[in-house]
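The values are calculated or read from the model by the stated rules, or taken from the named source; none is laboratory data. Computed from a prediction, not measured in an experiment: that's the story for all the values here. Note that each Cβ is placed from the backbone with ideal geometry, even for glycine, and that neighbours are counted across all protein chains shown.
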């Protein structure tokens, strides 16, 4: 029998003031290592995610590769987001409003799959990351 | 009247599509996963549905953040797959059934689910990979599809309880269709996984096994969870369990488990498979 963790201790959410709270939608608690992609994140990351969405087109992927920073500027990314793109820093992109479904289209251009970005975000090698996934089945 | 023949819940991991495209299903990494599907394919060959309702989540192929419907229903004669940006081969179009779609839309809105209707709709890997898995020879099949997309991209997401209720309404809509056809509901996604953040790689086997059991015998017991509970227990992308709850809702009441399977890992994900029928 799986027992859900106690829901009572609602930790103070870091953006509590920014959230609309209703009777049915109580303040969410912090989930370690996890960004809830909500309205606050969706506003922060709109330009970044819009750029990533454009990468559904092969022509746009090519245009990005020809001049990455010009492409980022054309979509209005912040200096922080452009820097994170330049450094291929997925965690920084997530924390600057990137949604992983859209970011995957960007990291795909860099030749990074979900296990590469998993390893990068958790600071381990890809082999270690894969071993950890396999171990979850034990 | 139409008959709801059963429901299938399956993972939709893109890597599965790549394994099929490359023909690597028999390699040691993939074998235990693909070996779990033949019993479901045999069941499908036997019941031979006329319509398949596909409950899935779009990952940024058809919908962007400019307009993000919570529930969207396709009403097109065919649905195109397209480039998702990271290399999965594009598949040929999928047949629709607009007449059936509009019936479902009418019934859902009547039941106060104010869905977005889509006369054009690109379907992504969450729709295509399960169809490839369940019908490897799709060209020989005559069924039409009805895509039902549930938002899992941008919070607030619909609650587990709401998704279960949507499923109940879908089940009612199916069984009120006046023609003598057979319908199968397929829900795609899950099980536990998280692609983003410092917790990337999170898999929760104990929770998944709990869900596999509860969804058969006591699905409403799972609907008391909030979306944040689900993110915490199943990971940011593991919330896709809401699709499974919708499919289970369609068969509301007692069901029989025909087949199930659980395998870790496929890519970054715990893969789950479940086939249920209404209890005799």
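Checked across region B:201-215, the condition of being in contact with a helix residue (DSSP H, G or I) (Cβ under 8 Å, 6 or more places away or on another chain) and more than 10 Å from chain A (Cβ to nearest Cβ) holds for at least one residue. Taken over region A:124-138, the residue count meeting the criterion of being surrounded by 17 or more Cβ atoms within 10 Å (Cβ to Cβ) and more than 7 Å from every other protein chain (Cβ to nearest Cβ) is 1. Among the residues of region A:102-123, is any part of a loop (DSSP other than H, G, I, E, B), crowded, with 20+ Cβ neighbours inside 10 Å and away from every other protein chain (no Cβ under 12 Å)? Looking for residues that are part of a loop (DSSP other than H, G, I, E, B), crowded, with 20+ Cβ neighbours inside 10 Å and away from every other protein chain (no Cβ under 12 Å), one finds none in region A:102-123, hence no. Any residue that is part of a helix (DSSP H, G or I), under 19 Å from residue B:52 (Cβ atoms) and within 19 Å of the chain's Cα centre (by Cα) - is there at least one of those in region B:75-95? Scanning region B:75-95, I find no residue that is part of a helix (DSSP H, G or I), under 19 Å from residue B:52 (Cβ atoms) and within 19 Å of the chain's Cα centre (by Cα), so the answer is no.
Scanning region B:173-191 for residues being touching a helix residue (DSSP H, G or I) at 6+ places or on another chain (Cβ under 7 Å) and surrounded by fewer than 18 Cβ atoms within 10 Å (Cβ to Cβ) gives a total of 2. So which residues in region A:39-63 are crowded, with 22+ Cβ neighbours inside 10 Å, more than 10 Å from chain B (Cβ to nearest Cβ) and over 12 Å from the mean Cα position of the chain (by Cα)? Across region A:39-63, the qualifying residue is only A:51.
If only residues of region B:19-41 that are under 19 Å from the mean Cα position of the chain (by Cα) and in a helix (DSSP H, G or I) are counted, the one that is farthest from residue B:167 (Cα to Cα) is B:20. Please find, within region B:42-74, the residue that is farthest from residue B:18 (Cα to Cα) out of those that are free of Cβ contacts under 8 Å to residues at least 60 places away in the same chain and in a helix (DSSP H, G or I). Top of the filtered list is B:46. The set of residues from region B:202-227 being under 27 Å from residue A:95 (Cα atoms) and buried (at least 24 other Cβ atoms within 10 Å of the Cβ) comprises B:202, B:203.
Among the numbered criteria (1) modelled with pLDDT under 95; (2) in contact with a helix residue (DSSP H, G or I) (Cβ under 7 Å, 6 or more places away or on another chain), which one does residue A:48 miss? Result: residue A:48 passes all but (1).
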